[in-house]
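The values are calculated or read from the model by the stated rules, or taken from the named source; none is laboratory data. The model shown is predicted, which means the values in this text are computed figures rather than measured ones. All Cβ positions, glycine included, derive from the backbone under ideal geometry; neighbour counts span all protein chains shown.
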Amino acid sequence: MTERIQAIRGMNDILPDEAHVWEFFEDTVRRWLRAYGYRGIRTPVLERTDLFVRSIGAVTDIVEKEMYTFVDELNGESLALRPEGTASCVRAVIEHNLLYGGPQRLWYWGPMFRHERPQKGRYRQFHQVGVEALGFAGPDVDAEHILMCARLWRELGVEGIVLELNSLGSSEARARYRARLVAYLEQHQDALDADSTRRLRTNPLRVLDSKNSAMQEIIAAAPRLADDLDDAARIHFDAVQSKLRAAGVACRVNPRLVRGLDYYNGTVYEWVTDRLGAQGTVCAGGRYDTLVEQIGGRPAPACGFAMGVERLLALVKLGTVAIAPVAPDVYLVHQGEAADRVAETVAEALRERSVSVVLHCGGGNFTSQMRKADASGARYAVIIGDDEAKAGVLSLKPLRGNAAQTQVRVEEAVALIRDA
């Protein structure tokens with residue numbers, strides 16, 4: 001027997017029994033984004049590798065260890081499957097001159113790719129919803145993004161998500177802090193693990209993000225970036241917090257929150273939960289005021305966030321909103337030569353009037369067809385035999401409850417289905 005081909009490890013199928021939860025999430029997200037005036041943008045999953053090296057940072061874990069990259073045999077270019085969406089979105093904005101028309105509020109949805117060790121909530125192909133605001137410099141948009149997230153959690157019925165907040169300040173502030181941090185960590189170099197030892201010379205702020213329990217005491221005693229912030233960064237960060245307090249959104253300032261992508265500056269934040277085990281971050285973002293220029297555009301302020309769909313869906317399933325599978329309005333049962341000819345016409349007539357219909361296929365007697373009608377979850381069975389076909393009517397049988405079966409014409413059936 002021919003060997004079966006299976007999916008690549010860490011790249012998962014979304015099966016019909018799960019798809020309705022994804023559809024609920026997608027529909028909720030689209031309504032939510034429209035309420036804030038964000039417009040959709042769709043970018044390719046394949047980009048030049050240099051886009052991510054230049055934006056995310058050459059010495060980040062994503063670029064060094066996690067990106068799927070290859071050389072295009074046709075032209076020798078190094079290409080990568082996108083590991084995140086912000087860089088692609090900014091590249092598209094620059095390429096198509098979107099900022100010439102003024103600031104942009106944009107969003108995207110799609111698969112991202114990282115070569116990680118697969119585990120619950122962390123996959124090699126995963127999905128993100130990303131929201132970007134380009135051309136806005138003030139703390140009002142930082143706060144808007146956080147308030148947007150708080151509203152979405154309520155609409156999804158998810159609980160147990162906590163907001164952590166920090167400011168990375170300007171590049172000059174981070175340079176001052178980096179020097180102090182490196183000097184401190186060098187005093188404890190014998191206690192650093194292999195990852196932190198490597199990061200000490202390349203990306204020392206990422207040492208603060210280590211989850212190694214043996215290093216937490218050293219990290220807790222490390223110098224604080226807040227001590228190096230300039231006045232402008234302090235004022236901006238205080239304004240963000242003030243707006244959150246005024247809106248009733250609770251947060252905790254986490255001075256060790258640095259994010260893993262080099263393009264961040266100023267406000268950064270993560271929405272975290274303890275309900276998903278090790279993969280506790282479900283949404284994260286912040287300001288990236290230098291990224292547009294880094295990628296080749298004119299300098300422009302910007303901020304945004306991205307949420308992990310798989311992790312959020314895991315919380316949705318634990319949440320307060322019951323999500324029933326989507327069922328058709330009608331399952332159309334038919335038997336007999338005349339009935340078979342009429343059934344398709346009746347099904348299309350109902351669909352044209354916004355009634356969803358599953359037309360039975362594959363033959364079988366009325367009893368077996370009615371079992372399938374009941375199993376489909378449909379609210380009604382439409383039954384057409386040769387007698388109904390000749391009379392130009394159909395039998396409408398409610399499948400939920402005790403109402404009686406009736407013989408009606410198509411328009412009457414539509415009215416009864418809509419009124420139910």
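The table below lists the values:
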{"item": "Filter result (closer than 26 Å to Glu132 by Cβ, modelled with pLDDT under 95 and of a type outside the set (A, V, I, L, M)) within region 55-86", "result": "Ser55, Gly57, Thr60, Asp61, Glu64, Lys65, Glu66"}
{"item": "Residue in region 348-361 that is within 19 Å of Ala391 (Cβ to Cβ) and of a type in the set (Gly, Ala, Ser) present", "result": "yes"}
{"item": "Residue check, Val162 surrounded by 15 or more Cβ atoms within 10 Å (Cβ to Cβ), among the aliphatic types (A, V, I, L, M) and either closer than 21 Å to Leu312 by Cβ or in the same structural domain as Asp262 (by TED's automatic domain parsing) (or both)", "result": "no"}
{"item": "Number of positions in region 333-352 that are surrounded by 14 or more Cβ atoms within 10 Å (Cβ to Cβ) and over 13 Å from Arg379 (Cβ atoms)", "result": "13"}
{"item": "Unmet criterion (only one of (1) at pLDDT below 95; (2) buried (at least 16 other Cβ atoms within 10 Å of the Cβ)) for Leu134", "result": "(1)"}
{"item": "Qualifying residue in region 308-329 (condition: at pLDDT 95 or above, touching a His at 6+ places or on another chain (Cβ under 7 Å) and part of a loop (DSSP other than H, G, I, E, B))", "result": "no"}
{"item": "Pairs with Cβ under 8 Å, 6+ apart, first in region 9-28 and in a loop (DSSP other than H, G, I, E, B), second acidic (Asp, Glu)", "result": "Gly10/Glu116"}
{"item": "Residues located in region 319-332, provided they are aliphatic (A, V, I, L, M) and surrounded by fewer than 19 Cβ atoms within 10 Å (Cβ to Cβ)", "result": "Val321, Ala322, Ile323, Ala324, Val326, Ala327"}
{"item": "Residue pairs meeting the criteria (Cβ under 7 Å; at least 6 apart or on separate chains; first within 19 Å of Asp289 (Cα to Cα), in region 212-235; second of a type in the set (Ser, Thr, Tyr) and part of a helix (DSSP H, G or I))", "result": "Leu225/Tyr177; Asp228/Tyr177"}
{"item": "Every residue from region 133-160 that is aliphatic (A, V, I, L, M) and either part of a helix (DSSP H, G or I) or within 18 Å of Gln241 (Cβ to Cβ) (or both)", "result": "Ala137, Val141, Ala143, Ile146, Leu147, Met148, Ala150, Leu152, Leu156"}
{"item": "Subset of region 193-211 (residues that are surrounded by 15 or more Cβ atoms within 10 Å (Cβ to Cβ) and in a loop (DSSP other than H, G, I, E, B))", "result": "Asn203, Ser210"}
{"item": "Qualifying position, being aliphatic (A, V, I, L, M), in a strand (DSSP E or B) and surrounded by fewer than 21 Cβ atoms within 10 Å (Cβ to Cβ), among Leu99, Leu79", "result": "Leu79"}
{"item": "Count - residues of region 42-66 that are surrounded by fewer than 21 Cβ atoms within 10 Å (Cβ to Cβ), hydrophobic (A, V, I, L, M, F, W, C) and in contact (Cβ under 8 Å) with a residue 12 or more places away in the chain", "result": "5"}
